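Working notes, structure below.
The values are calculated or read from the model by the stated rules, or taken from the named source; none is laboratory data. In this text, all values refer to a predicted model and were calculated from it rather than measured experimentally. Cβ coordinates were reconstructed from backbone atoms using ideal geometry, including for glycine residues, and neighbour counts include every protein chain displayed.
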Amino acid sequence: MIILATSKTPMSFTRRVASSALAVTFAAAASACGKKQQAAQKPAVPVAIATVRKAAVPFDVTANGTVAPMQTASVSSQVDGILTRVAFREGQEVEQGQVLFQVDPRPYAAAYNQAKANLQRDRASAAYAAAEAARYDSLVAKDYVTKEQADQQRTTAASANATVAADSALVAGAKFNFDNTTIRAPIAGRTGALLVREGNLVHGAAGTSLVVINQIRPILVQFAVPATTLPDIQKYSAAGPLPVTAYQAAPQSNNPPDSTTGDQPPGTTVAPPPQQRAAPTQSNRGNGAGGRSAGGPPVLGGGVTGGHPGAAPGAPQSSASQSSAQGAAQGTAQGAGPAGAGQVTDQTDANGVSGNGLSGGPPGGSVTGATNMTVVPTGPPIGGTLSFINNAVDTATGTVLLKASFPNARGELWPGEYVATVLRLYVQQGALVVPTQAIMTGQQGTYVFVVDPQANTAKQRPVVIGRTADTLAVIYSGLAEGERVVTDGQSRLQNGAKVNVRAVTAGAQPTSSGNESAPSPGRANG
């Protein structure tokens, strides 16, 4: 007999398993809810903001330059003799016609006096010959003398007159040599080092320079710019002289050292005065703002402050079409934002600038060959005007030589000095601008974080940057006037993140609510 036994699971065990599974499910749900609540309670990111505004932004061509004198005169002696006197000090300012040197005049004075005596003698002989010729003319009429005798007397009188003329020329030559024993300044300017000292023998035929004079008031600055900017320079200079600003390579202080500071030891770094220091920017964001840093060394180069913001500083552009292609590539960046933001078209915007960023400014004005090169000048600005455009382009460098004239009344510029030059073509009125700190660069191109004033959230939006001028970036598309952009704190932001406005950058003022900003009336030209 076989007995079949069946095993039954106790009900209590099944209930325990079900209870455990339900507990795990509840725990997971509770954990998810906690994470959501924790994410919802994430603190707002402190940021600084600025308001998108319209301003007058200049279009500048920057380049390296060298200072050259308006005139240079090498003073030499025109006569031979001993240098008996030096009538100036080395490095002295002299006027035109001022006495500089004195050569021993005694032999030339004697020659001059001798020439004058010979002239007086021959004049007396000429007067007697003229009287004789007149007497013979009266006698030949009465047949007292022959015509041949009368003709001979007239010939003698004419010869005496020629001798007088020759003596007059000798007197003039002797006087010229005598006068040249006193050497005068041919131009007004500053003298250089004395090349020949008193007591030395000088020779007129050798042409040895005694001193060199440079005219420094006014003075010239010569610099070369890309040939692609020549059409614009010619066009805008037709209306009048274009302004040129020169910046010295090192700042100067008009305050002498006092007892507290004194002279610093050799090799000490001298920082520019606070009012001349460049504003710090976040150059590591790749926004093409010129890589400017506070108190840093000057970055000098040739080019135009504008063009494609992603280009490397100083990168040459072969044609305007290349700049156009780069601007179009920026315009096709995809990202969050209003419809059409970041798209480049052939239409002009409210600033009068075309979508590709190659035209704009005054009526009929266009900008070609723009490159992203920004000069960071130091020292006080010195104003002048463009005075010369070379008649040929240097085929070896692709540049054209320009010269600017500066009054240099205070003598700030010195011949041979290196300076940074800024040639202003025009000022674009009503350009839409933001601080360069607000511009970010990503895989999709340039963008900014726009702050929503209602929800206090920051949203990423692609923009097209036309060019930069000092601390401002000109916006061609992607933003509207009055919108607020983040200028500091972007590294902690994500699209849609909550923000807490802790500061308002230059160019904007906070409103009564403390979370909004308004354009500042100052610094209209960037």
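General remarks:
- Taken together, 222, 215 contain a single residue that is touching a Ser or Thr at 6+ places or on another chain (Cβ under 8 Å) and under 21 Å from residue 98 (Cβ atoms), which is 215.
- All strands (runs of 3 or more DSSP E) inside segment 427-511 with 1 or more residues being touching a Pro at 6+ places or on another chain (Cβ under 9 Å) and surrounded by 18 or more Cβ atoms within 10 Å (Cβ to Cβ): 445-452, 457-462, 464-469, 472-477, 484-488, 497-504, 508-510
- Within the set 196, 225, 212, the sole residue that is assigned by TED's automatic domain parsing to the domain that holds residue 82 and either at pLDDT 95 or above or under 60 Å from the mean Cα position of the chain (by Cα) (or both) turns out to be 196.
- The one condition from (1) farther than 30 Å from residue 218 by Cβ; (2) crowded, with 24+ Cβ neighbours inside 10 Å that residue 406 does not meet is (1).
- The C-beta contact set for segment 386-403 (first residue in contact (Cβ under 8 Å) with a residue 12 or more places away in the chain and over 13 Å from residue 234 (Cβ atoms), second residue among the basic types (Lys, Arg) and in a strand (DSSP E or B), distance under 6 angstrom, 6+ apart or interchain) comprises 387/403.
- Candidates 445, 482 - the one that is on the phi > 0 side of the Ramachandran plot, modelled with pLDDT of 90 or more, out of contact with any Lys or Arg (no Cβ under 9 Å at 6 or more places or on another chain) and not hydrophobic (A, V, I, L, M, F, W, C): 445
- Checked against the criterion of being surrounded by fewer than 13 Cβ atoms within 10 Å (Cβ to Cβ), in contact (Cβ under 8 Å) with a residue 40 or more places away in the chain and not in a helix (DSSP H, G or I), segment 97-107 has at least one qualifying residue.
- A Cβ distance below 6 Å, combined with a sequence gap of six or more or placement on separate chains, defines the contacts here; from segment 36-51, residues that are modelled with pLDDT of 90 or more reach residues that are among the hydroxyl-bearing types (Ser, Thr, Tyr) in the pairs 48/487; 48/505; 49/517; 50/487; 50/505; 51/517.
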